[in-house]
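Heads up, the thing below is written out as structure tokens.
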């Protein structure tokens with residue numbers, strides 16, 4: 001049990017790391033979405049799953065306890081069926097195996113949380129700590145305006161004049177965005193949101209009753225420090241989607257806890273701390289924030305997202321059964337779909353920046369509908385709230401990622417994004433199963 005727990009903790013800590021080995025590529029030139037990789041996090045995940053299944057043979061029964069479990073099963077089955085008409089069968093098999101591992105991971109987390117083998121607070125402490133660490137790395141990258149030599153942890157080669165590096169333009173000059181060890185600032189931003197929400201949970205979940213006043217004050221002090229560091233990193237990703245999602249999620253958290261009389265006092269302190277931190281950082285970085293906050297319908301980030309959405313609709317219309325899991329990019333290149341939409345440069349050959357259109361284009365309309373039914377059941381069950389910090393935390397975490405999925409693809413295509421999504425799904429299932437059990441008792 002101790003070994004399994006240690007491996008699980010290491011796995012959680014490895015989510016932000018891009019340490020990987022290229023196993024095989026399906027095209028002559030390297031392309032992120034047309035290759036098979038073995039990640040350090042894969043090794044830890046497989047080891048964790050092996051040990052958990054050895055100790056708990058009934059993990060799959062957790063699907064039956066979930067009201068939308070049948071939809072999850074059909075979604076996975078249809079994802080596997082899509083292999084038969086994939087452009088690159090090997091690539092589809094690889095992505096299907098990864099999906100199965102992720103679903104098993106979510107179910108294993110459900111088993112461990114429900115059996116008491118691990119506490120939710122432990123998972124969120126690791127997420128919060130990892131987020132703070134990644135924020136500091138991002139701040140260092142921003143100050144240096146270059147990568148900081150952590151390539152062995154997956155850090156990209158970065159610089160404002162290096163092709164492929166994400167940047168903003170301020171007064172005509174390119175400014176590098178914070179990456180941490182993630183493949184893109186938007187992925188870092190999503191992880192920092194999870195870290196921020198984890199800190200909210202810890203703020204309200206920490207019981208000060210009977211606690212030494214000095215110790216309680218010290219814990220609050222470190223939590224406020226965590227808020228400052230994570231919000232700093234979130235700003236330096238310059239991810240507008242994350243800014244908006246973070247703002248409205250924080251408002252939802254604040255309203256929820258202010259309404260409950262028993263939590264009103266810590267909620268007021270939290271709001272005051274967040275306003276102070278945000279105001280300070282806004283003053284310091286206003287020359288970067290305000291130019292980035294401006295959105296124009298003609299800017300490339302908007303134009304290309306709309307074009308990718310059109311491409312996705314075209315793929316779905318002409319391939320109702322999908323083009324095969326993990327095959328959207330390769331299929332679109334070989335069939336000239338990108339060129340059809342005026343994207344003839346290699347750097348433009350990216351996945352559809354919307355996970356819903358992307359899933360539907362790869363596993364088909366029916367598979368996508370099963371996925372949405374599963375998610376719908378999960379959200380509906382999580383809405384049965386009571387006074388417990390895990391209820392709003394799991395719901396808002398899940399909703400934040402799902403909203404992010406409307407404007408980006410990494411939750412379906414990139415290793416850290418996949419791990420984030422299914423980790424949250426696993427925690428959410430455990431919470432919803434518990435709520436359903438209480439409601440039926």
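The values are calculated or read from the model by the stated rules, or taken from the named source; none is laboratory data. Worth saying up front: this structure is predicted, and the values here are computed from it rather than measured. Here Cβ is always computed from backbone atoms with ideal geometry, including for glycine, and neighbour counts include all displayed protein chains.
State whether one or more residues within the range 336-350 are surrounded by 13 or more Cβ atoms within 10 Å (Cβ to Cβ) and closer than 30 Å to residue 196 by Cα.
As a first pass, look at the range 336-350 and keep what is surrounded by 13 or more Cβ atoms within 10 Å (Cβ to Cβ): 337-341, 343, 348-350.
Now narrow it down to the ones that are closer than 30 Å to residue 196 by Cα: 350.
There is at least one residue in the range 336-350 that is surrounded by 13 or more Cβ atoms within 10 Å (Cβ to Cβ) and closer than 30 Å to residue 196 by Cα.
Scan the range 1-24 residue by residue and report those that are without any contact (Cβ under 8 Å) to a residue 40 or more places away in the chain and assigned to a helix (DSSP H, G or I).
The initial filter retains those residues of the range 1-24 that are without any contact (Cβ under 8 Å) to a residue 40 or more places away in the chain, namely 2, 6, 10-11, 14, 21-23.
If the condition is that a residue be without any contact (Cβ under 8 Å) to a residue 40 or more places away in the chain and assigned to a helix (DSSP H, G or I), then 2, 6, 10, 11, 14 are the ones that fit.
Collect the residues in the range 134-158 that are touching a residue at least 12 places away in the same chain (Cβ under 8 Å) and either buried (at least 22 other Cβ atoms within 10 Å of the Cβ) or in a helix (DSSP H, G or I) (or both), keeping them in residue-number order. Write out each step before concluding.
As a first pass, look at the range 134-158 and keep what is touching a residue at least 12 places away in the same chain (Cβ under 8 Å): 134-139, 141-142, 145-147, 150, 152-156, 158.
If the condition is that a residue be touching a residue at least 12 places away in the same chain (Cβ under 8 Å) and either buried (at least 22 other Cβ atoms within 10 Å of the Cβ) or in a helix (DSSP H, G or I) (or both), then 134, 135, 136, 137, 138, 139, 141, 142, 152, 153, 154 are the ones that fit.
Could you say which residue among 252, 189, 166 is surrounded by 14 or more Cβ atoms within 10 Å (Cβ to Cβ) and within 16 Å of the chain's Cα centre (by Cα)?
Within the list 252, 189, 166, the selection yields 189.
Within the range 376-392, which residues are at pLDDT below 65, touching a helix residue (DSSP H, G or I) at 6+ places or on another chain (Cβ under 6 Å) and part of a loop (DSSP other than H, G, I, E, B)? Break it down into steps so the answer makes sense when it comes.
Residues of the range 376-392 at pLDDT below 65: 385-390.
Next, from what is left, pick out any that are touching a helix residue (DSSP H, G or I) at 6+ places or on another chain (Cβ under 6 Å): 385, 389-390.
Listed by number, the residues that qualify are 385, 389.
Scanning the range 25-46 for residues that are part of a helix (DSSP H, G or I) and under 15 Å from residue 88 (Cβ atoms), which turns out modelled with the lowest pLDDT? Outline the logic, then answer.
To start, the set of residues in the range 25-46 that are part of a helix (DSSP H, G or I) comprises 32-34, 40-46.
From what is left, the residues that are under 15 Å from residue 88 (Cβ atoms) are 32-34.
On the way: 32: 85, 33: 89, 34: 89.
The selected residue is 32.
Might you let me know whether the range 92-104 holds any residue that is at pLDDT below 95, buried (at least 20 other Cβ atoms within 10 Å of the Cβ) and farther than 15 Å from residue 418 by Cβ?
no
If you check residue 437 against the conditions, is it at pLDDT below 90, surrounded by fewer than 23 Cβ atoms within 10 Å (Cβ to Cβ) and either in contact with a helix residue (DSSP H, G or I) (Cβ under 7 Å, 6 or more places away or on another chain) or not in a helix (DSSP H, G or I) (or both)? Outline the logic, then answer.
Details: at pLDDT below 90: yes; surrounded by fewer than 23 Cβ atoms within 10 Å (Cβ to Cβ): yes; either in contact with a helix residue (DSSP H, G or I) (Cβ under 7 Å, 6 or more places away or on another chain) or not in a helix (DSSP H, G or I) (or both): no.
No.
Out of (1) in contact with a helix residue (DSSP H, G or I) (Cβ under 6 Å, 6 or more places away or on another chain); (2) part of a loop (DSSP other than H, G, I, E, B); (3) assigned by TED's automatic domain parsing to the domain that holds residue 162, the odd one out for residue 67 is which?
Here residue 67 clears every test but (3).
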